[in-house]
């Protein structure tokens, strides 16, 4: 009887360990997309790619689920080579000194039909607490948030006429 009990406990432990193993991020399908107003009326779209890190997610065990994900700041792409080069320099992302933009969760909870993760977003050497509402379906996480680029000291010298203060982010992380 004791052997059966120990075997059952071991099987349950293996099941839970397997369900919360880090899920592999598909870097080709994952990105952080952004929109920002340029000169107050032109909306510029772009993205960051090269997403990597650890996602441990189980809808039935949110307390033990987590995100620890980064994108490559140098991958910024707005389909304008001159603008992208400028965004990479010290006026904006200063990618040589700050190569990654990272999010590390501190909690994940259910909210309505979706979820919300709280954690720290680090960009340009500045770390701030953020909440990201997200949905999850078939291995795809999709979240949205708005940040102030001034909170992260990104492009402070440019003012808000050329580039709006607020940046809208859509994060899409696809796992295999």
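The values are calculated or read from the model by the stated rules, or taken from the named source; none is laboratory data. This is a predicted model, so every value here is computed, not measured. Neighbour counts run over all protein chains shown; Cβ positions are idealised from the backbone, glycine included.
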Return the residue satisfying two criteria in turn: it lies in the stretch 55-64 and is surrounded by 15 or more Cβ atoms within 10 Å (Cβ to Cβ) and within 13 Å of residue 141 (Cα to Cα), and of such residues it is farthest from the chain's Cα centre (by Cα). 58
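Could you run through the stretch 125-139 and say how many residues are under 22 Å from residue 29 (Cα atoms), in contact with a strand residue (DSSP E or B) (Cβ under 6 Å, 6 or more places away or on another chain) and without any contact (Cβ under 8 Å) to a residue 40 or more places away in the chain? Let's see the steps before the verdict.
Just the residues of the stretch 125-139 that are under 22 Å from residue 29 (Cα atoms), to begin with: 132-139.
Remaining after also requiring in contact with a strand residue (DSSP E or B) (Cβ under 6 Å, 6 or more places away or on another chain): 132-135, 139.
Those still in the list that are without any contact (Cβ under 8 Å) to a residue 40 or more places away in the chain too: 132-135.
Residues meeting the conditions: 4.
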Within the set of pairs 6 or more residues apart or between chains, which connect a residue that is at positive phi and crowded, with 19+ Cβ neighbours inside 10 Å inside the stretch 155-176 to a residue that is modelled with pLDDT under 95 and not in a strand (DSSP E or B) with Cβ atoms less than 7 Å apart? 155/91; 155/92; 155/149
Go through (1) closer than 16 Å to residue 32 by Cα; (2) surrounded by fewer than 13 Cβ atoms within 10 Å (Cβ to Cβ); (3) free of Cβ contacts under 8 Å to residues at least 24 places away in the same chain and name the single condition residue 122 misses. (2)
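Looking only at the stretch 23-54, count how many residues are at negative phi and either in a loop (DSSP other than H, G, I, E, B) or over 13 Å from the mean Cα position of the chain (by Cα) (or both).
So the answer is 19.
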Could you check residue 23 against (1) modelled with pLDDT under 95; (2) surrounded by 16 or more Cβ atoms within 10 Å (Cβ to Cβ); (3) closer than 22 Å to residue 169 by Cα and say which number it fails? (3)
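Within the stretch 66-78, can one find any residue that is under 22 Å from residue 168 (Cβ atoms), assigned to a strand (DSSP E or B), in contact with a helix residue (DSSP H, G or I) (Cβ under 7 Å, 6 or more places away or on another chain) and touching a residue at least 24 places away in the same chain (Cβ under 8 Å)?
Within the stretch 66-78, one or more residues are under 22 Å from residue 168 (Cβ atoms), assigned to a strand (DSSP E or B), in contact with a helix residue (DSSP H, G or I) (Cβ under 7 Å, 6 or more places away or on another chain) and touching a residue at least 24 places away in the same chain (Cβ under 8 Å).
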Hey, among the residues in the stretch 127-150 that are under 14 Å from residue 168 (Cα atoms) and over 13 Å from the mean Cα position of the chain (by Cα), which one's surrounded by the most Cβ atoms within 10 Å (Cβ to Cβ)? 149
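Against the condition modelled with pLDDT under 95 and either buried (at least 16 other Cβ atoms within 10 Å of the Cβ) or assigned to a strand (DSSP E or B) (or both), how does residue 103 come out, does it pass?
Working: modelled with pLDDT under 95: no; either buried (at least 16 other Cβ atoms within 10 Å of the Cβ) or assigned to a strand (DSSP E or B) (or both): yes.
Spelling it out, it is not the case that residue 103 is modelled with pLDDT under 95 and either buried (at least 16 other Cβ atoms within 10 Å of the Cβ) or assigned to a strand (DSSP E or B) (or both).
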Might you let me know whether the stretch 131-144 holds any residue that is over 17 Å from residue 43 (Cα atoms) and assigned to a loop (DSSP other than H, G, I, E, B)? yes
Only residues that are under 18 Å from residue 102 (Cβ atoms) and touching a helix residue (DSSP H, G or I) at 6+ places or on another chain (Cβ under 7 Å): list them for the stretch 136-176, please. 167
